[in-house]
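The values are calculated or read from the model by the stated rules, or taken from the named source; none is laboratory data. Fair warning: this is a prediction, and the values are worked out from it, not measured in the lab. Neighbour counts run over all protein chains shown; Cβ positions are idealised from the backbone, glycine included. Surface accessibility is based on the protein's heavy atoms, side chains included, excluding ligands, DNA and RNA. Shrake-Rupley method; radii C 1.70, N 1.55, O 1.52, S 1.80 Å.
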Amino acid sequence: MAIIDDLFKILVFPGFLFVVNLGLFLEWLDRKIYARLQNRVGPPWYQPWLDILKLLSKEDVIPEGASRFMFTWLPVFYLAVTVTASLCIPVGTYAAIYSFPGDLIVVLFLLTLATIILFLLGWYSGSPFGRVGAVRAVTQFLAYEVPLVAALLTQALLADSWSISLVMARTTVGFPRFVVVHLTALAVALISLQGKLLRVPFDAPEAETEIVAGPFTEYTGRRLAFIRLAERTEMAVGVGLVSDLFLPFPARLGVLGFVISAILVTFVLSVLRASVARFRIEDTTVLAWKYILPFSALGMVLAIIVRG
Amino acid sequence: MMLEKIIALSRKSSPWVCHFNSGGCNACDIEVMATLTPRFDVERFGIQLKGSPRHADILVCTGPVTKQIRERLLRVYHQMPTPKYIAAVGSCALSGGVFYDCYNVLGGIDRVLPVDVYVPGCPPRPDAIIAGIVKVLQKMEADALELGDQGRASAAEGGNSRVSH
Ligand code: SF4
């Protein structure tokens, strides 16, 4: 029985099926909010699922210049890495499948690995657009990764733990005293998460108006479907991580609270996406290193001071 | 049968278009861009503009085919994964239009590629372009119901008799 229970946890809830579907749902929500902000109706709720199905039924092309092995396996690795990261994310009070002191570091590491895979995806696709996109992805990675880790570290410092579930349980400890630090870290985390997920204004790596589709230019059919699924899962993991670490609802309202916070975080990210234009890649780095990083360092110092 | 139905539904609900100007005067392109603005909200039907032909299901071609662009147009067409559909938008794409019989113009898109739907007008209104895409969707659905994920028989055989490669 224990094996069946574990399999259910890994494959259905809160594992694979749940995160992938949550990711696709968040994609729809994002597109819908974006559409509403442009005063239009937007796609029906089942659109992301149909996109994936359509891609699965299309022809699968391997371009001549691409490395066959990398081209075949990288999309699979991409999905595998993001789904593995999701195993450590507690869904509200529902414990994560695999949790131990320090799982926050593991999730961050796996998300970093996802970016490296993104780089390889573009590099080995044998297209100049793919390579430019890949190099931009890594450049941008240097910009947002440090603030993102610093923001999450601030939360971990306040809660005095590296375990996601413990930090989650302690988000509201010392409530009025920590508010300023919390909000600073939350703002930094949201902005760098936007960069991590390659969304406007940080979508220079896949800027469709200049470099076609960046690292994904050459991918078709089911490979592209895998990449899309991996991206959505990454979104679910990122959004879930921020809601677990920063918002008070997951620890109070359980699974429902988790979903509500995920929707809230997605709402903020979508409004951000709808209200700004794309940065050039050097502007992204300048913004991150000159303004966001000092801000997040300030948050960290404040955290150390208020904890005393 | 169930599988074919699902494929047909997903294909007709998520057509991604790629836009190619093979030598027109640009007015048609402006109309295609206008079609994609929030005012017409084609995302309701799942239509999205994709930069890469590798991601596209429908190639929206505007303008006549010039001798210079023929190779490039063919290359973009061959880069698309099957099943692929072509919509010719504008009088030029249909027959050469005002450029008919120019020394450097081959004629309409169907001189080079098998065209699925013709949208007349100089330039056609966005409503007309949407109507054209909807016709392509009907064709897509019929093909998927008949062939499942096997691509398209008609295009593979060069369905249009006027095709010359
Ligand atoms: S059909 Fe008319 S508007 Fe369109 S490209 Fe030709 S001349 Fe220009």
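Accessible surface of the protein assembly as shown, 1.4 Å probe: 66 percent of it comes from carbon and sulfur atoms.
Counting each DSSP H run of 4 or more residues in chain A as -39500 (n - 2.57), what helix-only mean residue ellipticity at 222 nm follows after dividing by all residues, to the nearest 500 deg cm²/dmol? Roughly -23500 deg cm²/dmol at 222 nm, from the helical runs in chain A. Solvent-accessible surface of region A:2-306, averaged per residue with a 1.4 angstrom probe and all protein chains in place: 41 square angstrom.
For region A:204-218 and region A:239-308, compute the distance between their C-alpha centroids and round to whole Å. Answer, in whole Å: 25. Here the ratio of the Cα radius of gyration of region A:196-300 to 2.2 N^0.38 Å is 1.26.
For region B:2-150, the average shadow cast by the Cα convex hull is 8.1 nm², which is a quarter of the hull's surface.
Taking every C-alpha pair closer than 8 Å and separated by at least 6 residues, the mean separation divided by the residue count of region B:1-129 gives a relative contact order of 27 percent. Here the protein assembly as shown was treated as a single set of alpha-carbon atoms; its pair distances binned every 20 Å from 0 give 23, 52, 22, 4, 0 percent. Note the buried accessible area between B and A here, summed over both chains, with a 1.4 Å probe, in Å² to the nearest 100. Roughly 2200 Å². The trypsin sites (Lys or Arg not before Pro) of region B:1-78 meeting both criteria, a DSSP state outside H, G, I, E and B (loop) and at most 12 other C-beta atoms within 10 angstrom of the site's C-beta, are B:Arg39, B:Lys67.
For region B:2-150, the solvent-accessible area of protein heavy atoms averages 43 Å² per residue (probe radius 1.4 Å; ligands and nucleic acids excluded). Per-residue ellipticity at 222 nm, computed for chain B from helices alone with -39500 (n - 2.57) per DSSP H run of at least four residues, works out to -11000 deg cm²/dmol. The alpha-carbon of B:Lys84 sits under 28 angstrom from the alpha-carbons of these lysines, leaving out residues fewer than 8 places away in its chain: A:Lys32, A:Lys54, A:Lys58, B:Lys5, B:Lys12, B:Lys50, B:Lys67, B:Lys135, B:Lys139.
Computed extension gain for A:Leu253 through A:Phe8, at 0.36 nm per residue and net of the alpha carbon distance, reaches 85.9 nm. Label separation (A:Phe100 vs B:Tyr103): 7.8 nm, computed from points 7 Å beyond Cα along the C-beta direction. For chain A, hydrophobic long helices are taken as DSSP H runs at least 27 Å long by C-alpha position along their axis with mean Kyte-Doolittle hydropathy of 0.0 or more; these are A:16-37, A:68-86, A:103-123, A:128-159, A:175-196, A:221-246, A:249-275.
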